[in-house]
1. From the set of residues in segment 265-294 that are in a loop (DSSP other than H, G, I, E, B) and exposed (fewer than 13 other Cβ atoms within 10 Å of the Cβ), which is modelled with the lowest pLDDT?
2. For segment 295-305, how many residues meet the condition of being buried (at least 17 other Cβ atoms within 10 Å of the Cβ) and in contact (Cβ under 8 Å) with a residue 24 or more places away in the chain?
3. Among the residues of segment 368-377, is any assigned to a helix (DSSP H, G or I) and without any contact (Cβ under 8 Å) to a residue 24 or more places away in the chain?
4. Restricting segment 248-264 to residues that are of a type outside the set (A, V, I, L, M, F, W, C) and not in a strand (DSSP E or B), which is most open to solvent (accessible area, probe 1.4 Å)?
5. What is the one condition in (1) within 17 Å of Cys362 (Cβ to Cβ); (2) part of a loop (DSSP other than H, G, I, E, B); (3) open to solvent by less than 60 Å² (accessible area, probe 1.4 Å); (4) not acidic (Asp, Glu) that Thr155 does not satisfy?
6. Residues to consider are Leu295, Leu305, Leu377; find the one that is among the aliphatic types (A, V, I, L, M) and within 30 Å of the chain's Cα centre (by Cα).
7. Going by what's in this entry, would Gln394 be described as touching a His at 6+ places or on another chain (Cβ under 9 Å), in a helix (DSSP H, G or I) and among the polar types (S, T, N, Q)?
8. Among the residues of segment 217-247, how many are free of Cβ contacts under 8 Å to residues at least 24 places away in the same chain and crowded, with 23+ Cβ neighbours inside 10 Å?
Amino acid sequence: MKKSVSIIGGGPAALMLAAFLDCEKFNVTIYEKNKTLGRKFLVAGKGGFNLTHSEPLEEMIHRYFPPSFLEEALRNFDNNDFRNWLKSIGIPTYVGSSKRVYPEKGIKPITVLNAILMVLEKQGVVIKYNHTWTNWGNNQSLIFNENIDIKSDYTIFALGGSSWKVTGSDGLWVDFFKTKEISTGPFQASNCGYQVNWPEDFLLDYEGWPLKNIAISCLNKRQKGEAVITRFGLEGNAIYALSPQIRQELSMQKKATIFLDLKPTLNQEDIAQKIKNTKFKKTSETLQKELKLTLAQIGLLKKYLSKETYLNPILLAQNIKNLPILISDMAPINDAISTIGGISIDAVDTNFQLKKMENYYCVGEMLDWDAPTGGYLLQACFSMGAHLARHLNQVS
């Protein structure tokens, strides 16, 4: 007789789990609070739909924090496995210039989602929409919509984090787990904008300007990429990747300092020599024409440096390579791309089963792990779903 599997939530981890479960062994039902599946998946696609990253697995593993938590899942279903599986369901991919992996031109996020849903349909997966988990029932059953009582052989929670509440990821489910004395942590923003108290006259000139081909450092981490000057502060892939370090400093000191390298391709000595040996009379001309700095980068230097420092080639070169910027806060959690917090990773075993509740599992962003943008978040969720499916297929 087939065993019953209930999956609570309809995000990437849940979809991959359902797709990979053995339909000869299980009757699988997804319970989704919304009218459709994958809402955050589709929202994520609006900003450039990178499904994963192409870097070697040994490097990819260390993009996650803590790395050991997701290592087995990533090894069992890595970025190449994911791309091959997508190709098998009619979604060919390509590697972009940033080494991120995208669906081939013309393939929209909804097309990818529909291809996955077709797999679920062939698998016989039942999807029940408008089903919100509202409480525990007797004997650890689940109550949906206040009056629907469900008990399954296996229950998998894929409830998401606490950002982008419009998609259904509100994090309110944490209180249910606390009643079972399961360890949880507070949700915090990750991959978000960070507040810089820019001078108003600087914003008038440079709000919305990108800072391309830079590197940003905080504590022991350095990240190349780009950032955008916003009224709130800074956002973009170069600063998103420093979320753990910035959060740590904000937590300890109520402020954080990042350091901008405006010219990562040159060392400090070379920059100083170019400034000293320039044929241009004005420093701003030297920076723009000799060093190829943008007007926004030059504006930053002028605003943050004294006149004496700006006109001193040695000191100017030091600041081009290491310009300190004070961060005063992070963006509201609902504006973050992802969150940390939720179910403690110490509360689950290597197959994501709750240690205090046999046959109850948690996957996806509801667990307390972190990763930068660039395909890493999605890859982890898909890897967790595939890993758990393989485990359940073997034990049943």
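The values are calculated or read from the model by the stated rules, or taken from the named source; none is laboratory data. Since we're looking at a predicted model, the values are computed, not measured. Here the Cβ is made from the backbone with ideal geometry for all residues, glycine too, and neighbour counts use every protein chain on show. Heads up: the accessible areas ignore ligands, DNA and RNA and are worked out on the full protein's heavy atoms, side chains in. Shrake-Rupley method; radii C 1.70, N 1.55, O 1.52, S 1.80 Å.
1. Lys281
2. So the count comes out to 5.
3. no
4. That would be Lys254.
5. All conditions pass for Thr155, except number (2).
6. Going through Leu295, Leu305, Leu377 in turn, the sole match is Leu377.
7. No.
8. 1
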